[in-house]
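Any read-out appearing in this document is the output of simple, stated calculations on the displayed coordinates, not a laboratory observation. Keep in mind that what you see is a predicted model, and the values were worked out from it rather than measured. Here the Cβ positions follow ideal geometry from the backbone for every residue, glycine too, while neighbour counts run over all protein chains shown.
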């Protein structure tokens with residue numbers, strides 16, 4: 001179980017922590033322009049995980065607002081957004097970056113990516129999962145333009161902005177400081193972020 005303190009999500013890397021039901025934590029955008037891909041898995045059954053498609057259906061929205069809960073692929077609440085000091089722009093649409101995305105963008109050698117960060121972070125605490133669920137992309141700015149087209153833009157958050165999350169069940173939360181540096185989603189400069197464990 002996670003204890004109180006400040007944890008680092010290293011630049012371009014991931015972090016996985018176990019969180020008991022009812023505990024809260026803050027995800028801090030330390031430098032203001034870093035996207036943090038976020039996953040939640042029920043503990044101990046990791047086949048039940050936070051689901052963006054089920055959350056959008058539950059909320060009738062592309063966005064999660066303060067007081068609302070994200071739900072699993074079995075339609076149960078897993079985390080609730082308790083507080084948000086940022087402008088509230090967080091993406092529920094875009095898949096985690098992976099080796100294939102960077103190949104499409106022209107990379108000919110290995111590029112760090114959020115899908116691998118998820119697997120590596122889980123492995124560090126002795127866990128594994130099948131596949132890569134779509135993440136909740138904290139601080140990611142993907143506006144829907146003209147009601148149908150998506151754009152990749154820099155975050156609108158500022159240094160020190162944070163979201164406070166409450167676990168609604170025993171879960172494993174995984175965070176990736178997105179390494180995307182070929183598109184403007186991290187303002188071209190991926191850096192570390194932090195998790196502050198509260199009550």
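A full extension of the chain between residue 109 and residue 47 corresponds to an added length of 19.1 nm, given 0.36 nm per residue minus the alpha carbon distance. The relative contact order of segment 99-199 comes to 25 percent, based on Cα pairs under 8 Å that sit 6 or more residues apart. Given a 10 angstrom Cα cut-off, can you work out which residue in 84, 189, 45 is the most mobile in a GNM of the chain? Maximum fluctuation in the GNM of the chain, among the listed residues, is at 45.
Exposure proxy shown here: for 108, 92, the number of other Cβ atoms within 10 Å sets the order, fewest to most, as 108, 92. Shown for 41, 63: other C-beta atoms within 10 Å of each C-beta, ranked fewest to most, produce the order 63, 41.
Treat segment 46-104 as a sphere of radius equal to its Kirkwood radius over Cα pairs and apply Stokes-Einstein at 20 °C in a medium of 1.002 mPa s; give the translational diffusion coefficient in µm²/s, rounded to a whole number.
Once the numbers are plugged in, D ends up at 169 µm²/s.
With contacts taken as Cα pairs under 8 Å and at least 6 residues apart, the chain reaches a relative contact order of 45 percent. In terms of its alpha-carbon gyration tensor, segment 29-164 comes out rounded; the largest-to-smallest axis ratio a/c stays below the 1.5 threshold.
The distance linking segment 63-85 with segment 181-198 is 21 Å (Cα centroid to Cα centroid, whole angstrom). In terms of other Cβ atoms within 10 Å, 101, 76 run from fewest to most in the order 76, 101. Using alpha carbons only, how many angstrom separate the centre of segment 107-167 from the centre of segment 31-53? About 9 Å separates the Cα centre of segment 107-167 from the one of segment 31-53. Anyone know which of 166, 18, 74 comes out most mobile in the 10 Å Cα GNM of the chain? Among 166, 18, 74, the largest GNM mean-square fluctuation belongs to 74.
Relative contact order of segment 28-123: 19 percent, from C-alpha pairs under 8 Å at least 6 residues apart in sequence.
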